[in-house]
Each structure stands twice: as C-alpha cells, then as structure tokens.
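What follows draws every value from the coordinates through simple rules; no lab data is involved. These numbers were taken from a predicted model, which means no experiment stands behind them. Reconstructed Cβ throughout: ideal geometry from the backbone, glycine too, with neighbour counts over all protein chains shown.
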C-alpha cells in the first residue's frame with residue numbers, strides 16, 4: 001500500500017513538473033514572438049514633407065525625405081535622401097541634406113550620413129553653381145538647439161577658397177561655425 005501511494009505521488013509530481021515545463025516553453029516562445037514583433041516597423045512612408053512653425057506661427061523648419069521607416073520599439077526613424085531646411089535668426093534658410101538619415105526620438109537628434117551637404121537654400125535653388133558649401137560624411141543635428149556637430153573631416157568651399165578641418169560645431173540659428181582641429185585654409189581671391 002505504501003508503494004502505491006509513493007508511486008501515485010511520484011506520478012503526480014512528474015505530471016506537475018511536465019506541466020510547468022510546457023508552460024515555461026510556451027511562455028518563452030510567446031515572449032520571443034512579442035519581442036520580434038516589437039522590433040518591426042509600424043509604418044513606411046514615401047515622399048515625406050513635414051513643416052514646423054513656432055508658437056507665433058512663424059516658419060521654423062521643413063523636413064523632406066523620399067522614403068521613411070519608423071521603428072516604435074527603438075524610437076527610431078530611418079530616411080532616404082533626407083533634406084532639412086532650418087531658418088536662422090536673420091531669416092536665412094540653411095539646407096542640410098544627405099543620402100541617409102536617422103531620427104532618434106529620445107535624443108531629439110537627426111543623424112545625417114553619406115555625402116552630407118550644408119548650404120544656404122538661396123544658392124541651392126538658384127540653379128547656379130553653389131558658392132558656399134560645407135561637406136562631410138556624417139553630421140548630427142540637434143533639433144531643439146539648432147546645432148549641427150561632427151567629428152569627421154569637413155570641407156568648406158567658397159568663391160575665394162577652401163577650408164579643410166576635422167570636426168565642426170555649427171549654430172544654424174546664429175550662423176556661426178567652429179572648427180575643432182587640423183584646420184587648413186587656402187585663400188585665392
């Protein structure tokens with residue numbers, strides 16, 4: 001009789017452990033499915049155009065991209081051919097454009113990569129050859145502060161010369177540029 005009770009207790013324990021294992025296995029599969037689903041994009045966009053205005057209704061910024069993909073779990077949006085138009089304090093509009101862009105929602109930054117160009121909109125839309133250009137491979141734009149930074153090589157070309165440097169901080173609203181290191185300039189009037 002004692003053996004039967006022990007055998008019954010052993011079978012009940014084995015069934016209980018088996019049920020716990022099955023629950024753990026299915027819960028893990030469900031969690032993996034949820035994790036993989038949350039890393040998927042929630043929308044794709046074509047021909048994006050977004051305009052921002054100040055609280056007084058004054059045009060502040062425009063963002064254009066040919067294609068966008070938003071990842072909600074990462075709070076990240078990827079862009080193809082991004083182009084940002086930002087208005088300085090004196091009303092001049094500066095254009096920042098590249099081949100790729102990444103907007104990080106938490107950091108409120110726009111990372112531009114591959115063939116980054118910074119130039120006044122008036123020159124870009126004139127149809128004439130650009131007189132003032134700033135080129136680099138990567139540029140981070142802080143949307144709240146209107147500051148563009150890079151630690152990569154920078155080339156600035158103008159009508160009368162060229163400047164090369166490594167690293168740059170550009171305050172678009174104030175139209176000031178600080179080059180960080182290895183600055184070399186060539187001036188030919």
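Quick check on packing: order 89-95, 133-139, 181-187 by the mean number of other C-beta atoms within 10 Å, highest mean leading.
133-139, 89-95, 181-187
Do the sum for the chain: with -39,500 (n - 2.57) for every DSSP H run of n ≥ 4, divided by all residues, what is the mean residue ellipticity at 222 nm, to the nearest 500 deg cm²/dmol?
Value at 222 nm, helices only: -7500 deg cm²/dmol.
Roughly how tilted is helix 2-38, in degrees to the nearest 10 and between 0 and 90, from the longest Cα axis of the chain?
Compared with the principal axis, the helix lies near 10 degrees.
List 76, 107 from most exposed to least, where exposure is judged by having the fewest other Cβ atoms within 10 Å.
107, 76
According to a simple spin-label model (label point 7 Å from Cα along Cα-to-Cβ), what is the distance in nm between residue 164 and residue 89?
Placing both labels 7 Å along Cα→Cβ, they lie 3.4 nm apart.
What spacing in nm lies between the two simple spin-label points modelled at residue 178 and residue 39, each 7 Å away from Cα in the Cβ direction?
According to this spin-label approximation, the distance is 3.9 nm.
For the chain, report the % of Cα-Cα distances exceeding 30 Å.
Everything past 30 Å amounts to 40 percent.
Which log10 I(q)/I(0) values, to two decimals, does segment 77-185 give at q = 0.18, 0.24 Å⁻¹ under the Debye formula with one point per Cα?
Relative scattering, expressed as log10 I(q)/I(0), comes to -0.88, -1.51.
If I stretch the segment between residue 137 and residue 67 completely, what's the gain in nm (0.36 nm per residue apart, minus their alpha carbon distance), one decimal?
Between residue 137 and residue 67, full extension yields an extra 23.2 nm.
Starting from the Cα-Cα distance between residue 7 and residue 155, subtract it from 0.36 nm times their residue separation and give me the gain in nm to one decimal.
So the extension gain works out to 45.1 nm.
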